[in-house]
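Contents: one structure, followed by commentary.
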Amino acid sequence: MSCALCKRKPPKIGSEKWVGQDGTTVRIPVHEFIVASVSSPDGEFDLCEDCYKQNRFPEHIRRVMDLVHVEFGLEFLHEQRYQECIEACERALAIRQSPAAYEAEGCAFLRVGKTALATECFMNALRLQPGSAIATLNLKRIRHSEVGK
């Protein structure tokens, strides 16, 4: 996994243990900086956080910039960098509305306590993709937490 533009490969700095519902465990490597994988009509490519933040995108990547922003939004969400996740998702949504962007943004809003904005995001995700499991589950969590107040 190295950046398609600058060719940098992030050094591994550790790993995380993940446990599946069946009890199976896997170790996921943790790297020094984010490299997001994006699928495009031209194939899959990896892009590092530095190139992303510097807006270094060749033409073939510009055609799928909404996907690039969503992937970085998801990476930021995973790293608990919620404001950066929200910003990346907003950039994606400015290009094209997608359930994935609304879901990631909604999760980030939820983590920072902005329940009304999270609800709006999950509702938009459901509008675009009825039956979205992520949106439905999070809306149920929000409703449950509001009932308990």
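Values in this text are rule-based calculations from the coordinates and carry no lab data. Just so it is clear, the structure is predicted and the values come from calculations on it, not from any experiment. Please note: Cβ atoms are built from the backbone with ideal geometry, for glycine as well, and neighbour counts cover all protein chains shown.
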For the chain, what number of Lys pairs, 8 or more residues apart or on separate chains, have alpha-carbon atoms under 16 Å from each other? 4
With springs connecting C-alpha atoms under 10 Å apart, model the chain as a Gaussian network and identify which of H78, H60, H69 has the largest mean-square fluctuation. H60
Need the full-extension length gain, S40 to Q21, defined as separation in residues times 0.36 nm minus the C-alpha distance. One decimal, nm. 3.7 nm
Could you work out the relative contact order of the chain? I mean the mean sequence separation of Cα pairs under 8 Å and 6+ apart, divided by the number of residues, in percent. 14 percent
Could you work out [θ]222 nm for the chain from helices alone, using -39500 (n - 2.57) per DSSP H run of at least four and dividing by all its residues? Round to the nearest 500 deg cm²/dmol. -16000 deg cm²/dmol
What span do the alpha-carbon atoms of region 2-149 cover on each of the three principal axes, reported in whole Å from largest to smallest? 50, 37, 25
FRET efficiency (K53, R96; Cβ distance; R0 22 Å; to 0.05) is 0.60
Along the Cα→Cβ direction, 7 angstrom out, place labels at E79 and A133. What is the inter-label distance in nm? 2.7 nm
